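The values are calculated or read from the model by the stated rules, or taken from the named source; none is laboratory data. A quick note: this is a predicted structure, and the numbers were derived from the prediction, not measured. For neighbour counting, all protein chains shown are included, and Cβ atoms are generated from backbone atoms with ideal geometry for every residue, glycine included.
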Amino acid sequence: MNWQEVVAITVVLVGLGAGAFLMARRPSFWIEFGRRLGKILLPLAWRYVSRRMPPEEEAAWGRAERRGQGEGWLKKRWRQSSDR
């Protein structure tokens, strides 16, 4: 790579960086960025939060709750699912 190519690539990178810097300083950019990010991530988060246990596990959890061991049962289940 000769010195002209290095200069050309440096100028392009500096230009892109300056453009990104000027764009990121505008509040409207961050508002629109947050709106689009929320539009993408909220359905994924809702799908994770609203997911139910299978009926067999829910019944086992209910039995553990009645014995007063529900929280321990959930922690054990969470550890087992993270080990997979």
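Sort out which residues of the range 23-34 are surrounded by 10 or more Cβ atoms within 10 Å (Cβ to Cβ) and either at pLDDT 95 or above or of a type outside the set (Phe, Trp, Tyr) (or both), and write them in order of number. Please lay out each step first, then the result.
The initial filter retains those residues of the range 23-34 that are surrounded by 10 or more Cβ atoms within 10 Å (Cβ to Cβ), namely 23-24, 26, 29-34.
If the condition is that a residue be surrounded by 10 or more Cβ atoms within 10 Å (Cβ to Cβ) and either at pLDDT 95 or above or of a type outside the set (Phe, Trp, Tyr) (or both), then 23, 24, 26, 31, 32, 34 are the ones that fit.
Residues checked against (1) more than 30 Å from residue 19 (Cα to Cα); (2) exposed (fewer than 11 other Cβ atoms within 10 Å of the Cβ); (3) modelled with pLDDT of 85 or more; (4) assigned by TED's automatic domain parsing to the domain that holds residue 19:
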{"site": "40", "(1), (2), (3), (4)": "no, yes, yes, yes"}
{"site": "43", "(1), (2), (3), (4)": "yes, yes, yes, yes"}
{"site": "60", "(1), (2), (3), (4)": "yes, no, yes, no"}
{"site": "64", "(1), (2), (3), (4)": "yes, no, yes, no"}
{"site": "67", "(1), (2), (3), (4)": "yes, yes, yes, no"}
{"site": "70", "(1), (2), (3), (4)": "yes, no, no, no"}
{"site": "78", "(1), (2), (3), (4)": "yes, yes, no, no"}
{"site": "82", "(1), (2), (3), (4)": "yes, yes, no, no"}
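For the structure I just gave you, tell me whether residue 52 is without any contact (Cβ under 8 Å) to a residue 40 or more places away in the chain and loosely packed, with under 10 Cβ neighbours inside 10 Å.
Numbers: without any contact (Cβ under 8 Å) to a residue 40 or more places away in the chain: yes; loosely packed, with under 10 Cβ neighbours inside 10 Å: yes.
Against the criterion (without any contact (Cβ under 8 Å) to a residue 40 or more places away in the chain and loosely packed, with under 10 Cβ neighbours inside 10 Å), residue 52 qualifies.
Show the residue pairs meeting these rules: Cβ distance below 8 Å; 6+ apart or different chains; first residue within the range 3-24 and in a helix (DSSP H, G or I); second residue not β-branched (Val, Ile, Thr).
Every condition considered, the pairs that remain are 23/29; 24/30.
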